[in-house]
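The values are calculated or read from the model by the stated rules, or taken from the named source; none is laboratory data. From a predicted model like this one, the values you see are computed outputs, not experimental measurements. Note: ideal-geometry Cβ built from the backbone for every residue, glycine included; neighbour counts use all protein chains shown.
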Ligand code: GDP
């Protein structure tokens, strides 16, 4: 459309066909695609537009609005609030990513100031408790479970009671899954639910199943009073969009999406910023929120600001910047929030390399003493970003961590740090 000299019916039709093809390839339900196309055609009435109106803009806006509408599942009726014991129960089929997602959910809320805990009430799958224990230990979140008890209701009740007494304000109960939706699974879910009285039931679903998500979400919604959905495996699966739109069609609010196997690979799902990022339009408000969350948790300006104004930039400050950057989550996620700087600018795989490099610098700094004199010249370059991005950050810092007096670094210090 952007190459056409005149935007007429044919150009619009070609554009819409292309968009619909992309939807169908992403396994979006045919009915949804048909509705989206009809709605855009209805909104963009080329004949009725006054001369001089920017037709491209109107079409673009109509497309964006329709995609937002298609993916908007509404807001959940419950969100945990601090200071009272919130009980959240996770349900889903086996292999959907339920156990992994419980830990991601706990970790996300801990970073928001909650005091979460995990209860493993999955007694069906061998090794489920070990897996939860491993994840929880890695994320440093307290957990409860049993190797010998086979009654999931008993474990769930014991765990929830214990963590209530310990004043945990977000108690997450992981329940059993099965290979398919069957009566025994739903019965067990209802029993655990009646015994623990969760404030919210979250259904975890594998995004790679595409439009089959519609029937699955519908079934769980009816059998387990699901209040919110988390769609996992949205990384590198062509059918993820199909799954999201299918869940939206069942009017089950999607609250998070899983974007990888690791704990930080987890994103809040909000339809407007999601669509903006999807279309390469960035999400500045998301970026600002993230910076506020990480760098200014108490609305205090970061101490880096006065120090930069003074003109002293120590390695300790660089270390703190790296730390903030790391707690903001995966580099690719942050980059996709910057308008015009979509995730395509960072090749898949390269983002991990960038992150590893930062970690390596931090390891070196961990081996430095507090004070010192010599100078070190850093060049962070396009080996971590990709070839389109020519940015180099060149900066001179004083060794060791708090040193401010520039002198040459001596060999014995280099050797000591390297060692
Ligand atoms: P459960 O049986 O539902 O508890 O599922 P698990 O938590 O054991 O996850 C099943 C597999 O999916 C594991 O190998 C996870 O690492 C993987 N997994 C979970 N979430 C995601 C995700 O968002 N993306 C990807 N790529 N893999 C995921």
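Do we find a residue being in a loop (DSSP other than H, G, I, E, B) and at positive phi anywhere in the stretch 194-203? Within the stretch 194-203 (the criterion being in a loop (DSSP other than H, G, I, E, B) and at positive phi), the answer is yes, since at least one residue qualifies.
The residues of the stretch 93-120 that are closer than 16 Å to residue 131 by Cα and touching a strand residue (DSSP E or B) at 6+ places or on another chain (Cβ under 6 Å), listed by number, are 96, 97, 98, 99, 101, 102, 104, 106, 117, 118, 119, 120. Taken together, the criteria place residue 224 among residues that are modelled with pLDDT under 85, buried (at least 18 other Cβ atoms within 10 Å of the Cβ), in contact with a helix residue (DSSP H, G or I) (Cβ under 7 Å, 6 or more places away or on another chain) and over 28 Å from residue 355 (Cα atoms).
The set of residues from the stretch 99-150 being in a strand (DSSP E or B) and either within 12 Å of the ligand (Cβ to nearest atom) or in contact (Cβ under 8 Å) with a residue 40 or more places away in the chain (or both) comprises 116, 117, 118, 119, 120, 121.
Kindly evaluate residue 186 against the criterion of being more than 13 Å from the ligand (Cβ to nearest atom), in a helix (DSSP H, G or I) and under 13 Å from residue 92 (Cα atoms).
Values: more than 13 Å from the ligand (Cβ to nearest atom): yes; in a helix (DSSP H, G or I): yes; under 13 Å from residue 92 (Cα atoms): yes.
When the stated conditions are applied, residue 186 passes them.
Give the stretch 229-257 a look and list any residue that's part of a strand (DSSP E or B), surrounded by fewer than 24 Cβ atoms within 10 Å (Cβ to Cβ) and within 8 Å of the ligand (Cβ to nearest atom), or say none. 257, the sole residue that qualifies. Just one of (1) in contact (Cβ under 8 Å) with a residue 40 or more places away in the chain; (2) in a helix (DSSP H, G or I); (3) within 16 Å of the ligand (Cβ to nearest atom) fails for residue 179. It is (2).
Scanning the stretch 200-218 for residues that are farther than 19 Å from residue 107 by Cα, away from the ligand (no atom under 15 Å from the Cβ) and in contact with a strand residue (DSSP E or B) (Cβ under 9 Å, 6 or more places away or on another chain) yields one hit, 217.
Residues of the stretch 77-98 that are within 14 Å of the ligand (Cβ to nearest atom) and surrounded by 16 or more Cβ atoms within 10 Å (Cβ to Cβ): 89, 90, 91, 92, 93, 94, 96, 97, 98.
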